[in-house]
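What follows is a short report on a single structure.
Just so you know, all these numbers are worked out from the coordinates, no wet-lab data involved. Owing to the predicted nature of the structure, the values given are computational and were not obtained by experimental measurement. In this analysis, Cβ positions are derived from the backbone assuming ideal geometry, glycine residues included, and neighbour counts consider all displayed protein chains.
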Amino acid sequence: MANNNLKDKFNQMPPRQRPSAQQFPVWRILLWILVLWFVVLFFTQYMRPFEENIHEISYSQFKQAVRDENVEKITVEGETITGAYRSPLKEAVSGMENGDGDKKESSKNDDSSSEQVVTYERFTTVMPAFEDPNLMGLLEQKGVEVYAKPDETPIIWQILISLLPWILIIGFFVWSSRKLYQGMGKGAGGLFSFGKSRARMATKESVDKTYEDVAGLENAKKELIEVVEFLKDPSRFEALGGELPKGLLLVGPPGVGKTLLARATAGEADVPFFSISGSEFVEMFVGVGASRVRDMFKNAKNEAPSIIFVDEIDAIGRTRGAGLGGGHDEREQTLNQILAEMDGFSPREKVVVMAATNRPDVLDPALIRPGRFDRRIMLERPQKNARKEILKIHMRNMPVADDVDIDRISKMTVGFSGADLKNLVNEAALLAARKQKTKVTMEEFIQGRDKILMGIEREDVISDDEKKVIACHEAGHALVAFFLENTDPLEKVTIIPRGRAMGATEQIPVEERHNLGRQYLLNRLAVMLGGRAAEKVMYGDITTGAGDDLKRATQLARQMVCQWGMSEKLGPATFRQGEKHPFIGREITQQKDFSERTAEIIDEEIKGILDNMENKAIETLKDHKKELETVVDSLLENETLSREDLQKLIGV
């Protein structure tokens with residue numbers, strides 16, 4: 001009855017969860033049998049049984065015993081001679097322990113004596129390398145019986161001796177490779193699985209993430225859940241002539257949740273999910289990556305319906321022919337194999353390939369064409385409502401104080417990715433723990449945000465004169481942003497050094513902008529140049545503190561002129577000045593598609609925009625010089641001013 005129950009349980013298990021023969025180490029049993037057989041053969045062949053006391057003598061002693069007619073018979077086996085004495089030979093041995101029954105001790109020996117007399121009835125010796133032609137004549141003359149045995153080693157022993165070094169070498173490499181792979185976290189596999197797939201298979205039960213753990217990304221989740229439903233019940237789609245997409249490419253900046261979305265897909269799908277990173281295909285040996293690709297797709301087809309997820313596919317999917325390795329290096333061989341495998345799918349093979357990358361521009365065109373990656377799912381940084389939901393997910397197990405305003409935090413984190421928001425919640429928890437608090441307050445979230453954006457507070461000792469200049473510079477930014485229209489609202493201004501900045505002025509947009517107007521961009525330039533303008537107004541001089549402001553302002557003005565057609569002289573045209581390399585993603589050339597005359601006009605337009613906005617900032621600060629002095633004095637006293645503090649100081 002018990003056997004029937006075990007059999008039923010075994011049959012009810014999914015095939016991929018049933019114990020296989022590999023779980024039973026049969027090879028270990030065979031190895032122990034081989035070792036025991038080797039030991040037994042060695043002892044029976046080369047170790048003499050201690051059945052009698054044999055006297056080891058020299059060849060000269062052996063011939064003298066023959067001359068003394070004390071040798072009865074001998075047996076010659078190769079170069080070894082064993083024989084029996086006619087009269088047992090007695091020999092005194094000092095400090096020797098009592099032997100077995102083969103030893104015949106003299107009655108003269110007592111317990112107190114340190115010497116023993118041992119009697120030998122047999123002897124053994126080894127013939128010298130040179131021939132002794134007189135030996136046979138001497139043996140016949142003295143009446144010694146001579147027996148001979150052939151010196152032949154068994155054939156199986158000869159084979160074992162010749163193969164034993166190679167068996168030991170191969171066994172050592174197999175053992176060391178298994179230990180190496182186990183130490184690297186790759187599991188067992190060893191030397192003979194070097195070309196096997198490293199993909200890790202996950203089931204719904206082994207993944208702790210679902211789409212409920214992914215806030216935002218609603219459109220992406222709709223696309224993915226449709227594929228999962230297709231794998232579960234393809235008849236509903238096939239009835240309308242639909243086919244399963246072969247590939248889905250998740251594209252988005254770092255930290256937006258591409259890998260998290262793939263893990264959630266594994267949790268939602270009741271199908272095997274194979275996960276691997278693109279870098280795991282690439283090895284120093286050409287052909288290994290292609291072999292692993294073949295093995296991975298083979299395993300996925302055997303488990304179909306299934307999903308393959310390749311993270312960071314740009315590690316192997318970069319444009320071919322653009323590097324220095326020619327057309328037959330390991331990376332391109334791996335990519336060619338992926339292309340062949342994805343093209344080799346038949347319509348009935350329900351295998352979907354998911355991939356993630358933040359560099360779609362460097363991918364090979366053959367990889368992202370229809371028929372391979374049929375769908376491209378764009379993942380953007382979360383908007384305000386999505387950030388709010390992400391914060392709720394990360395804060396659900398966190399004790400927070402009543403003053404924590406998630407809506408305000410989501411407004412303060414414009415441009416944050418999902419990973420940034422998770423880091424913000426973690427930083428707030430660490431700051432609260434450092435202060436010995438039992439709950440996380442709004443103060444820790446604000447400090448954590450400042451730490452992420454600007455770095456930790458520096459402990460530099462700044463002189464009073466430098467503090468005045470820094471306060472003037474930051475007050476200039478703040479007042480220009482405060483008094484100009486069509487600018488982002490001011491949040492706070494501080495002169496506390498953080499990271500590489502000696503101070504900071506922070507603006508938070510009321511709503512997230514996707515389309516920027518010309519006047520808004522011009523006012524942004526005026527705010528950037530407001531610090532330099534304040535130094536001119538207050539002290540009639542300028543400092544190096546505006547270096548980063550000038551860099552960002554020049555880049556923005558160049559984009560307005562060269563990319564967005566916001567120049568009156570040049571009109572609606574774009575002008576390229578650099579080209580991104582498909583491998584490193586940076587501008588390594590300065591190819592221009594315009595004349596030198598046009599380049600002069602571009603420089604004049606950029607300079608004119610910057611000069612006009614600096615003059616605008618100077619005029620604004622001159623009109624409110626009294627407020628500028630008040631804000632500078634308050635910054636020197638308090639170091640940080642919020643929007644409400646500025647409104648009280650200015651009287652608005």
(request) Search the structure for amide H atoms under 5 Å from the amide H of HIS55, placed 1.01 Å from N in the peptide plane, and list their residues when 5 or more places away or on another chain. (result) ARG122, PHE123, THR124
(request) Give the order of MET296, MET442 when sorted by the count of other beta carbons within 10 angstrom, beginning with the fewest. (result) MET442, MET296
(request) Round to the nearest 0.05 the FRET efficiency obtained for ASP270 and ASN638 when R0 = 41 Å and r is the Cβ-Cβ distance. (result) 0.10
(message) Bins of 10 Å, beginning at zero and ending with the bin holding the largest distance: percent of Cα pairs per bin for the stretch 464-650, please.
(response) 9, 33, 31, 19, 8, 1
(message) Need one number for the stretch 415-530: average projected area of the convex hull over its C-alpha atoms, nm².
(response) 8.8
(message) Are there any GluC sites (Glu not before Pro) in the stretch 397-464 that are in a DSSP loop and have at most 14 other Cβ atoms within 10 Å? List them by number.
(response) GLU459
(request) May I ask you to order 304-317, 382-395 by the average number of other C-beta atoms within 10 Å around their residues, highest value first? (result) 304-317, 382-395
(request) Normalise the Cα radius of gyration of the stretch 384-454 by 2.2 N^0.38 Å (N = residues in it) and let me know the number. (result) 0.98
(request) Determine the alpha carbon to alpha carbon distance for each of LYS209/LYS232; LYS422/LYS648; LYS384/LYS439; LYS209/LYS298 and list only those over 30 Å. (result) LYS422/LYS648
(request) Would you kindly derive the ³J(HN,Hα) couplings of the stretch 275-280 from the backbone phi angles with the Karplus curve 6.51 cos²θ - 1.76 cosθ + 1.60 (θ = phi - 60°), listing them in order in whole Hz, with x for Gly and Pro? (result) 10, 7, 9, x, 5, 6
